[in-house]
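The values are calculated or read from the model by the stated rules, or taken from the named source; none is laboratory data. Fair warning: this is a prediction, and the values are worked out from it, not measured in the lab. Here the Cβ positions follow ideal geometry from the backbone for every residue, glycine too, while neighbour counts run over all protein chains shown. For accessibility, only protein heavy atoms count, side chains too; no ligands or nucleic acids. Shrake-Rupley method; radii C 1.70, N 1.55, O 1.52, S 1.80 Å.
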Amino acid sequence: MKRLLLLLFMLPVMAFAWEPTRPVTVVIGNAPGAGNEIAFRKLAQIINRTNKKITFVVENRAGGDSVIAMNHMMTVAPDGHTIAAFNHMSQYVTQDIWQRDIKRYEYNSFEDVLTIGKSPLVLVAIATSAVNTPDEFATLLRTTQHPVFVAVGSGAHRITYEYLMMKTAGNRNLVKPILFNGPAQALNSVASAAGGTEFGIMPLAVARPLIEAGRVKAIGITGDRKIAQMPNVPLLRKIAPGISVFAAWNLVLPPRTDRVIVDYYADLFARAINTAEYQEWMDQNLIFVDSRELDPDGLRQHAQELRKTFLPLA
């Protein structure tokens, strides 16, 4: 009996001693430059300063609003050496609407770890656009006599487009979304007017450099509060009340990954998120994290809240 008690006492200590034994592949469901990749790389930089044993290798697998990457994650070994940074709205909501025929998983198939960042979404327009305010955009959606194209790069951006169209009674015969493999690509299409995309929706964190460079102009942002660093950008809720949609990025592990490995990554990244360096970086880049989503259980609860709110809307 004493030996059994000793073994039971030792198990938790042994379990939490897990760590990677080779480079960790990080699957990104978007093309380079997306918010999930930017946030992950910053966290990896912080982690690597104090933990030289861990090497992260980023692997972009863009396509189908992250479906290609997520289908791939269903095939990898659940040994802790492959993780992924995906998008909340895509994984938990919109893929069940627009990509349900091509995905080989459910929204809860993966082992959720934690949220690594969120950013308000911004509606931008090409610098030469006649539209400058949310009201002018709403009027255009209702009254346009010519095609209007809106570039979007993920499920959160698409659901924002749909919400704006619904609240403004936009003309769906002439106003159309154009899907790109990531927010940076959607942003660049507006900046260059490629394919006639006069407008675009993407994370403010991604769009900010081109807004400040004057290559695109910000029409409005989602959420219910203005951004201190960009106080002149109005809120889209004036034309679409309740538009609390954000670009949000989470870490997940393959199905059937042992909870010991899940907890290892949750602890590792939560510590990095709570450092003064990451907090300052988030503030500078218009990103935030809800403390309730810094563990697997909190993230799963948030996923249920997103589905309850946005699936009926879609």
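Out of the total accessible area of the stretch 156-314 (probe 1.4 Å, heavy atoms of protein only), what percent is carbon and sulfur?
Numbers: 3490 of 7060 Å².
Result for the stretch 156-314: 49 percent of the exposed heavy-atom area is carbon or sulfur.
Mind checking which aspartates and glutamates have their C-alpha under 13 Å from LYS53, skipping anything on the same chain fewer than 8 residues away? Output for LYS53: GLU19. Rg/Rh, computed from the Cα trace of the stretch 11-127 with Rh as the Kirkwood radius, has the value 1.01. Full extension of the chain between THR21 and LEU311 gives 100.4 nm of extra length, using 0.36 nm per residue less the Cα-Cα distance. For the stretch 123-279, the antiparallel share of DSSP beta bridges with both residues in that region comes to about 45%.
Estimate the FRET efficiency between LYS238 and MET74 by the formula 1/(1 + (r/R0)^6), using the beta-carbon distance for r and 41 Å for R0, to the nearest 0.05.
Details: r = 42 Å, r/R0 = 1.02.
E between LYS238 and MET74, to the nearest 0.05, is 0.45.
For Cα Rg over 2.2 N^0.38 Å, the value computed from the atomic coordinates appears in the list (i) 1.17; (ii) 0.94; (iii) 1.05 under label (iii).
THR275 to GLN145: FRET efficiency via 1/(1 + (r/R0)^6), r the Cβ-Cβ distance, R0 45 Å, to the nearest 0.05? Don't skip to the answer; put the middle values down first.
Numbers: r = 53 Å, r/R0 = 1.18.
My answer for the efficiency is 0.25.
Here's the list of aspartates and glutamates a cross-link from LYS42 could span, going by alpha-carbon distance under 18 Å and ignoring same-chain residues fewer than 8 apart: GLU59, ASP267, GLU277, GLU280, ASP283, ASP290. A protection proxy built from the mean count of other Cβ atoms within 10 Å ranks the segments 121-132, 176-187, most packed first, as 176-187, 121-132. For the residue pairs LYS118/LYS238; LYS118/LYS176; LYS118/LYS308; LYS167/LYS308, alpha carbon separations are all held to 28 Å or less. Once the Cα atoms are used to define both axes, helix 259-273 deviates from the longest principal axis of the chain by about 60 degrees.
One chain, two ends: SER192 and GLN229. Fully extended at 0.36 nm per residue, the span grows by 10.8 nm beyond their Cα-Cα distance. Taking all protein chains as shown and a probe of 1.4 angstrom, THR25 keeps an accessible surface of around 40 Å². With R₀ set to 22 Å, the beta-carbon distance separating ALA127 from ARG41 gives a calculated FRET efficiency near 0.15.
Loop-resident trypsin sites (Lys or Arg not before Pro) (DSSP state other than H, G, I, E or B) in the stretch 204-260 with no more than 11 further Cβ atoms inside 10 Å of their Cβ: ARG225, ARG256. Here each label is just a point 7 Å from Cα along the line to Cβ, and for ASP135 and ASP290 those points are 3.2 nm apart.
Dipole magnitude for the chain: computed about the Cα centre from +1 point charges on Lys and Arg Cβ and -1 point charges on Asp and Glu Cβ, it is near 80 debye.
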